[in-house]
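S.K.: Would you mind keeping the following structure in view while I ask a few things?
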Amino acid sequence: MIPDPLWIVLFLLAGIIFVFMLLFADSAERSFVQATMMGGVAVTISSMLLLLWFLDNPCHSSSGGLRPVAMERTLEQLDLAAKAVKLDLEPPCDTNGRGR
């Protein structure tokens, strides 16, 4: 989990770098060159912030998200093992993860 102060610092640094790149504006250069420099920095910083957000929120159903496949498989194996030895197990929490 990425703490809120780190997010604040990251966005502050992104703004500072953006303003710093504005200082490189040179009227002798073509606007395409300046736009390419600004665009490259903006895309890089935006990509890194989006990657951090993705890593901070790993459990989702879209591409790359963590799914509970291994946990479901383990629970099935535990149920099968408990039935094999005729053991009645009562889980310590409900299906939402709240304790009983």
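Only the coordinates and a few stated rules stand behind these numbers; no lab work does. Please read all numbers here as calculations on a predicted model, not as lab measurements. Positions of Cβ are generated from backbone atoms using ideal geometry, with glycine treated the same way; all protein chains shown enter the neighbour counts.
S.K.: Residue pairs, Cβ under 9 Å, 6 or more apart or interchain, first in region 7-26 and loosely packed, with under 11 Cβ neighbours inside 10 Å, second not aliphatic (A, V, I, L, M) and not in a helix (DSSP H, G or I). List them.
M.R.: Once the first residue is loosely packed, with under 11 Cβ neighbours inside 10 Å and sits in region 7-26, no partner that is not aliphatic (A, V, I, L, M) and not in a helix (DSSP H, G or I) comes close enough.
S.K.: Let me ask something else. Tell me whether region 47-56 contains one or more residues that are within 26 Å of P5 (Cβ to Cβ), of a type in the set (S, T, N, Q) and surrounded by 10 or more Cβ atoms within 10 Å (Cβ to Cβ).
M.R.: The first filter runs over region 47-56 and keeps only residues within 26 Å of P5 (Cβ to Cβ), leaving 47-56.
Now drop any that are not of a type in the set (S, T, N, Q), which leaves 47.
Next, from what is left, pick out any that are surrounded by 10 or more Cβ atoms within 10 Å (Cβ to Cβ): 47.
Yes, because at least one residue in region 47-56 is within 26 Å of P5 (Cβ to Cβ), of a type in the set (S, T, N, Q) and surrounded by 10 or more Cβ atoms within 10 Å (Cβ to Cβ).
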